[in-house]
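Here's the structure we're looking at; comments come further down.
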Amino acid sequence: MKKGLLLSIAASTMIMAGGDIVPAAPAAEAPAVSTGSFGDALENGTFTANMRLFYMNRSFDIAGTPDAEALTAGGIVKYESGDYHGFKFGFAYYGSHKVGDFFDRTDGIGTSLLQSNGDDIAFLGEAYLQYDVSNTMFKVGRQRLATPLMQDHDLRLLPSTYEAAIVRNKDIQDTMVEVGYVKRYSGFVSKLSGFDDIDNKWGKDGLGYIYIKNKSIENLTVRAQYIKALSDTAVDGTPIDVEDYRYIDLKYNLPFGNKTYFKAQYGGNSYQNADDSTLVGAKIGTSFGMFDVAALYDKISDNSFKAVESGPMYSDWQQGYSNYEASTAVGAQLVVRPLDGLSLKFGYVDVSADEGNVRDDFSEFNFDGKYAINSYSKIRVRYSIKDQTDTSDREDRDDFRIIYYMNF
């Protein structure tokens, strides 16, 4: 009854919310390098606030397993300085704070909106120094990343953030090359309220990576990333499982239909003491008036496919995979845009685990609705039904979320 009422309220809010929908202003071109004083750089800095109110309830079908539920408010408040001879710096507060008594599963497991013991999340999520010269950017410190295998995973109230040093260059026409070193991060959707080097997973010396994005062929975008653990042991000397992470994908806009495209992906990992993994996938989509449709396929072979954070798989949705075991996935998506500012996405995927695996054997129905109330706020409603097969050792669960965004 409670969930039905919440769904009704959310749907009504999305359709009836007031205010004109104003397109976001286009991003301004990067200013020329300043030759002014440091005081001018401080005065020309900008404050931004990306605030959210987030309700989540994940219910489990097995009797005796309590719901994971939380209502939190917070977001990111950030200051970034103006340019000073090519240098600038930024600081950002990250917070997710419990609202009321909407929290009732032991140790906060399930929502990832709070720390594992149920405490609020509050920490300095970004603190970086950046230097731009010609077509090259250097950035060191706490920062968000945006690569296929290592990104900010912005699925809850807060994104993940990293302690890293990166260099990005665009000297080659239509090509971006980024290399980086990452030692620690704030965990899945910043639920740690701080940073952890998780050396038992990445190795005691952290990770190094290279990421390339190329658009030199008309209508074709290609991305590739390789990540290497710089040590094969943790601090205590125990070996880590995964030695490297590799990935490449492409998107080709086909010269027929309306926004018709084809995507393909390939990835894998090298394991120290087990079979390597392989991922292959494809997705094709097009548009008809207010409707976008797509079909997809993903296949993991031999061992679990691992990304560092936020896997890029076409079939990994709201609840998604558990261990990314060897499996085959097929699915389809439909997006409807009946009004300006309103999009309604529906999807279904069936994941069949290979013989000998028992976790990633499920089907998932997913709904994702977004409505832009005005130029600075929007509401989002997400609902997922995940049904495990009879041979799976995981329980069925429903996942319901309402998020209200305000950006200044």
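The values are calculated or read from the model by the stated rules, or taken from the named source; none is laboratory data. From a predicted model like this one, the values you see are computed outputs, not experimental measurements. Neighbour counts are summed over all protein chains in view; Cβ atoms, including those assigned to glycine, are modelled from backbone coordinates with ideal geometry. Side chains are part of the model used for accessible areas, which takes the heavy atoms of the whole protein and leaves out ligands, DNA and RNA. Shrake-Rupley method; radii C 1.70, N 1.55, O 1.52, S 1.80 Å.
Being part of a strand (DSSP E or B), under 23 Å from SER96 (Cα atoms) and either open to solvent by 30 Å² or more (accessible area, probe 1.4 Å) or without any contact (Cβ under 8 Å) to a residue 12 or more places away in the chain (or both) is the filter here, so list the residues in segment 373-397 that pass it.
Correct list: LYS378, ARG380, TYR383.
Return a yes/no flag: does segment 299-322 have any residue that is touching a Lys or Arg at 6+ places or on another chain (Cβ under 9 Å), in a strand (DSSP E or B) and not hydroxyl-bearing (Ser, Thr, Tyr).
No: segment 299-322 contains no residue that is touching a Lys or Arg at 6+ places or on another chain (Cβ under 9 Å), in a strand (DSSP E or B) and not hydroxyl-bearing (Ser, Thr, Tyr).
If a residue has to be open to solvent by 20 Å² or more (accessible area, probe 1.4 Å), within 23 Å of ILE212 (Cβ to Cβ) and not in a loop (DSSP other than H, G, I, E, B) to count, how many in segment 138-157 make the cut?
Number of matching residues: 5.
What's the number of the only condition in (1) surrounded by 17 or more Cβ atoms within 10 Å (Cβ to Cβ); (2) part of a loop (DSSP other than H, G, I, E, B); (3) charged (D, E, K, R) that ARG401 fails to meet?
(2)
Let me spell it out: the conditions are (1) within 22 Å of the chain's Cα centre (by Cα); (2) surrounded by fewer than 16 Cβ atoms within 10 Å (Cβ to Cβ); (3) of a type outside the set (Gly, Ala, Ser); (4) part of a loop (DSSP other than H, G, I, E, B), and VAL280 meets all of them except one. Which number is the exception?
(4) is the only condition that VAL280 fails.
Of the residues that sit in segment 164-190 and are assigned to a strand (DSSP E or B) and of a type in the set (Ser, Thr, Tyr), which one is nearest to TYR131 (Cα to Cα)?
Per the stated criteria, the residue is TYR181.
Show the residue pairs that are 6+ apart or on different chains and have beta-carbon atoms under 6 Å apart, the first residue being within segment 119-139 and among the small types (Gly, Ala, Ser), the second being open to solvent by less than 30 Å² (accessible area, probe 1.4 Å) and not in a loop (DSSP other than H, G, I, E, B).
Every condition considered, the pairs that remain are ALA122/GLY95; GLY125/ALA92; GLY125/TYR94; ALA127/GLY141.
Which residue, of SER193, SER216, SER160, is among the small types (Gly, Ala, Ser), open to solvent by 60 Å² or more (accessible area, probe 1.4 Å) and outside any strand (DSSP E or B)? If you could, list the steps in order and put the result at the bottom.
Details: SER193 fails: open to solvent by 60 Å² or more (accessible area, probe 1.4 Å); SER160 fails: open to solvent by 60 Å² or more (accessible area, probe 1.4 Å).
Result: SER216 is the single residue among SER193, SER216, SER160 that is among the small types (Gly, Ala, Ser), open to solvent by 60 Å² or more (accessible area, probe 1.4 Å) and outside any strand (DSSP E or B).
Which numbered condition trips up ALA264, out of (1) among the hydrophobic types (A, V, I, L, M, F, W, C); (2) surrounded by fewer than 16 Cβ atoms within 10 Å (Cβ to Cβ); (3) over 28 Å from ILE385 (Cβ atoms); (4) within 22 Å of the chain's Cα centre (by Cα)?
It fails just one condition, (2).
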